[in-house]
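Trainee: Attaching a single structure in structure tokens format; questions to follow.
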Amino acid sequence: MGYSAFKVFWEGLTGNKGWKPVWREPDPKPQYDIVIVGAGGHGLATAYYLAKEFGITNVAVLEKGWLGSGNIGRNTTIIRSNYLLPGNQPFYEKSLKLWENLEQDFNYNAMVSQRSILNLIHSDPQRDAFARRANAMRLSGADSELLGPEEIRALCPFLDFDNARFPIQGALRQKRGGTVRHDAVAWGYARGADMRGVDIIQNCEVTGFRMENGACVGVETARGPIRAGKTAVCVAGSSSRVMALAGMRLPIESHVLQAFVTEGLKPTLPGVITFGAGHFYVSQSDKGGLVFGGDIDGYNTYAQRGNLPVVEDVCEGGMAIMPMIGRARLLRMWGGVMDMSMDGSPFIDKTHIDGLYFNGGWCYGGFKATPASGYCYAHLLATGRPHEVAGAFRLDRFRRGAPIDEKGVGAHPNLH
Amino acid sequence: MIIDHPLLGPRDAAEFVYKGDAALIDRPDWQAEDAADKFHEYMYLRDNVAGEMAELWYHEHGDRSWLVVTRNTLTHKITSVELARDVARRRGRGK
């Protein structure tokens, strides 16, 4: 079923009776060319690009709960490509380019809104660091610009420019950054994959891997065994638990990140704004709520909820740059479990076990990576070679002394 | 979370810095044949337990002791708190 303005108009006139479910609910077949474990954003994107770009449609996506029930449904929806390191920046720029054409590509309204992202600058050394970052961004073809306080004042008059401790001296802006309707991303990819013949099987937990002669030949599931030419794990948040079923230990710890949304307000924020002297970021959803967050809680956890000290820290960050946020009432707050890797960067790689592939370690930056993660994982699965922009995301990079550490804090997952 | 410090009594977890898995107490032997592999595992690989986990917490805003806290990562419930020194000694470490 395609979508068009005419279709919306016609359905409106005829009682909206013609809309049908946009994906099937098939029973698992005994065998597939590729089985993807995890129907989150990245898993569904992988299935979509496998079918669309690489012509592989004998694919199943297995999901323990319901489609899109993990972090694709509980993030703060920001897209951007303002990274520094050469292992990262081209990948995130590829992702942003895919975001820009996503809705036309899968004919689904994901509400991609390039409303810009402002990273505020509060000191001279920070301006130098952001100028360097702005140049690094341009090397990969991304856009970047440095703004002075007067330009920011015109955009965001409500910020606390003359804060005694953290005055706002400028900002790094990426105009092409913005926000996306996160659930619609999962739905759009699911629909696109399903239309091309991919089986999306919900309520089908993977309970083990089938091994023959040291190679992975499929999975055991709650709905029986399924054989697979290649098994592609894509379960960020639960990576360690799933890969432990194959006897692997990962360079990953699970941590909780909290997020918050206020009551709906009239249009206030021109885009995404981040605090440069603490950890706080905020945007405004199309419904009007201010969506914001900050640091992870900092201790290992699989509970999808956090503790109060970090709530206080996030709110202090908000008050420091945007005192008016203190007048907004909080509507909801929630937590999601992050794969925090040892250098703050992800993995898209084959494992040492033949037939078993791994995608994870996205820290708290997985949402913006969804299209490129799916595309590059599909490329790896289809061709056996990493995509050129994802070649650094290898599992053995620590052993080789080649971490991709944007923050430069070393092997401390809770500091990335 | 409240951590029941063995010397100071119940303290707010916000006074502590989190280090991670208490396996980090067991530093590998740097003179062993397979020291490079062992240090790679020690530095970078984690069990990342879902359930009861022994972990290191440092009382930075307090008496600056290292503690081994046994905590459930699914519920945040803390079941035991010991001085890391005592745990290391029990595992046969010297000082």
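The values are calculated or read from the model by the stated rules, or taken from the named source; none is laboratory data. Quantities reported herein were computed from a predicted structural model and do not represent experimental measurements. Methodologically, a virtual Cβ is constructed for each residue, glycine included, from the backbone with ideal geometry; neighbour enumeration extends over all protein chains shown.
Trainee: Return yes when residue A:250 is over 24 Å from residue A:30 (Cα atoms), within 11 Å of chain B (Cβ to nearest Cβ) and either over 20 Å from the mean Cα position of the chain (by Cα) or surrounded by fewer than 24 Cβ atoms within 10 Å (Cβ to Cβ) (or both) and no when it is not.
Mentor: Details: over 24 Å from residue A:30 (Cα atoms): yes; within 11 Å of chain B (Cβ to nearest Cβ): yes; either over 20 Å from the mean Cα position of the chain (by Cα) or surrounded by fewer than 24 Cβ atoms within 10 Å (Cβ to Cβ) (or both): no.
No.
Trainee: If you scan segment A:72-127, which residues turn out to be assigned by TED's automatic domain parsing to the domain that holds residue A:283 and part of a helix (DSSP H, G or I)?
Mentor: Of everything in segment A:72-127, those that are assigned by TED's automatic domain parsing to the domain that holds residue A:283 and part of a helix (DSSP H, G or I) turn out to be A:124, A:125, A:126, A:127.
Trainee: So residue A:130 clears everything in (1) assigned to a helix (DSSP H, G or I); (2) in contact with an Asp or Glu (Cβ under 6 Å, 6 or more places away or on another chain) except one condition, right? Which one?
Mentor: Answer for residue A:130: the failing condition is (2).
Trainee: List the number of the failed condition for residue A:278; all other conditions in (1) at pLDDT below 95; (2) buried (at least 17 other Cβ atoms within 10 Å of the Cβ); (3) over 21 Å from residue A:172 (Cα atoms) hold.
Mentor: Unmet condition: (3).
Trainee: In this structure, does residue A:295 turn out to be surrounded by fewer than 23 Cβ atoms within 10 Å (Cβ to Cβ), more than 16 Å from residue A:158 (Cα to Cα), more than 14 Å from chain B (Cβ to nearest Cβ) and of a type in the set (D, E, K, R)? Give the steps one after another, and end with the answer.
Mentor: On the way: surrounded by fewer than 23 Cβ atoms within 10 Å (Cβ to Cβ): yes; more than 16 Å from residue A:158 (Cα to Cα): yes; more than 14 Å from chain B (Cβ to nearest Cβ): no; of a type in the set (D, E, K, R): yes.
For residue A:295, the condition - surrounded by fewer than 23 Cβ atoms within 10 Å (Cβ to Cβ), more than 16 Å from residue A:158 (Cα to Cα), more than 14 Å from chain B (Cβ to nearest Cβ) and of a type in the set (D, E, K, R) - is not met.
Trainee: When the residues of segment B:44-61 are narrowed to those that are surrounded by fewer than 16 Cβ atoms within 10 Å (Cβ to Cβ) and on the phi < 0 side of the Ramachandran plot, which ends up nearest to the other protein chains (Cβ to nearest Cβ)?
Mentor: Here is the first cut: in segment B:44-61, the ones surrounded by fewer than 16 Cβ atoms within 10 Å (Cβ to Cβ) are B:47, B:51-52, B:60-61.
Checking which are on the phi < 0 side of the Ramachandran plot leaves us with B:47, B:52, B:60-61.
On the way: B:47: 6, B:52: 11, B:60: 12, B:61: 11 Å.
Taking the candidates together, the pick is B:47.
Trainee: Considering only residues that are within 13 Å of residue A:88 (Cα to Cα) and either modelled with pLDDT under 95 or in a loop (DSSP other than H, G, I, E, B) (or both), which ones fall in segment A:388-413?
Mentor: A:391, A:392, A:393, A:394, A:402, A:403, A:404, A:405, A:406, A:407
Trainee: So which residues in segment A:22-40 are closer than 26 Å to residue A:2 by Cβ, surrounded by 24 or more Cβ atoms within 10 Å (Cβ to Cβ) and touching a strand residue (DSSP E or B) at 6+ places or on another chain (Cβ under 6 Å)?
Mentor: Going through segment A:22-40, the residues closer than 26 Å to residue A:2 by Cβ turn out to be A:22-26, A:36, A:39-40.
This time we only want the ones that are surrounded by 24 or more Cβ atoms within 10 Å (Cβ to Cβ), so: A:36, A:39-40.
A:36, A:39 - these are the residues of segment A:22-40 that are closer than 26 Å to residue A:2 by Cβ, surrounded by 24 or more Cβ atoms within 10 Å (Cβ to Cβ) and touching a strand residue (DSSP E or B) at 6+ places or on another chain (Cβ under 6 Å).
Trainee: It is to be established whether one or more residues within segment A:179-189 are touching a residue at least 12 places away in the same chain (Cβ under 8 Å) and within 14 Å of chain B (Cβ to nearest Cβ).
Mentor: Filtering segment A:179-189 for residues touching a residue at least 12 places away in the same chain (Cβ under 8 Å) gives A:179-189.
Within this subset, residues satisfying the condition of being within 14 Å of chain B (Cβ to nearest Cβ) are none.
No, because not a single residue in segment A:179-189 is touching a residue at least 12 places away in the same chain (Cβ under 8 Å) and within 14 Å of chain B (Cβ to nearest Cβ).
Trainee: Something else now. If residue A:43 satisfies every condition in (1) closer than 25 Å to residue A:229 by Cβ; (2) within 13 Å of the chain's Cα centre (by Cα); (3) of a type outside the set (D, E, K, R); (4) surrounded by fewer than 19 Cβ atoms within 10 Å (Cβ to Cβ) but one, which is the exception?
Mentor: That leaves (4) as the condition not met.
Trainee: In the set A:339, A:354, A:405, which member is in contact (Cβ under 8 Å) with a residue 12 or more places away in the chain, of a type in the set (Asp, Glu) and in contact with a Phe, Trp or Tyr (Cβ under 7 Å, 6 or more places away or on another chain)?
Mentor: Working: A:354 fails: in contact with a Phe, Trp or Tyr (Cβ under 7 Å, 6 or more places away or on another chain); A:405 fails: in contact with a Phe, Trp or Tyr (Cβ under 7 Å, 6 or more places away or on another chain).
The match here is A:339.
Trainee: When the residues of segment B:24-42 are narrowed to those that are of a type outside the set (Phe, Trp, Tyr) and surrounded by 15 or more Cβ atoms within 10 Å (Cβ to Cβ), which ends up nearest to the other protein chains (Cβ to nearest Cβ)? Don't jump to the end; show me each part of the working.
Mentor: Step one: filter segment B:24-42 for residues of a type outside the set (Phe, Trp, Tyr), giving B:24-29, B:31-38, B:40-41.
Keeping just the survivors that are surrounded by 15 or more Cβ atoms within 10 Å (Cβ to Cβ) gives B:25, B:28, B:38, B:40-41.
On the way: B:25: 16, B:28: 14, B:38: 12, B:40: 5, B:41: 7 Å.
Step by step, filter segment B:24-42, then rank; the result is B:40.
Trainee: Out of the residues in segment A:112-141 that are farther than 25 Å from residue A:166 by Cα and hydroxyl-bearing (Ser, Thr, Tyr), which is surrounded by the most Cβ atoms within 10 Å (Cβ to Cβ)?
Mentor: A:140
Trainee: I would also like to ask the following. Quick check: is even one residue across segment B:70-79 of a type in the set (A, V, I, L, M) and closer than 14 Å to residue A:299 by Cβ?
Mentor: For segment B:70-79, residues of a type in the set (A, V, I, L, M) and closer than 14 Å to residue A:299 by Cβ: present.
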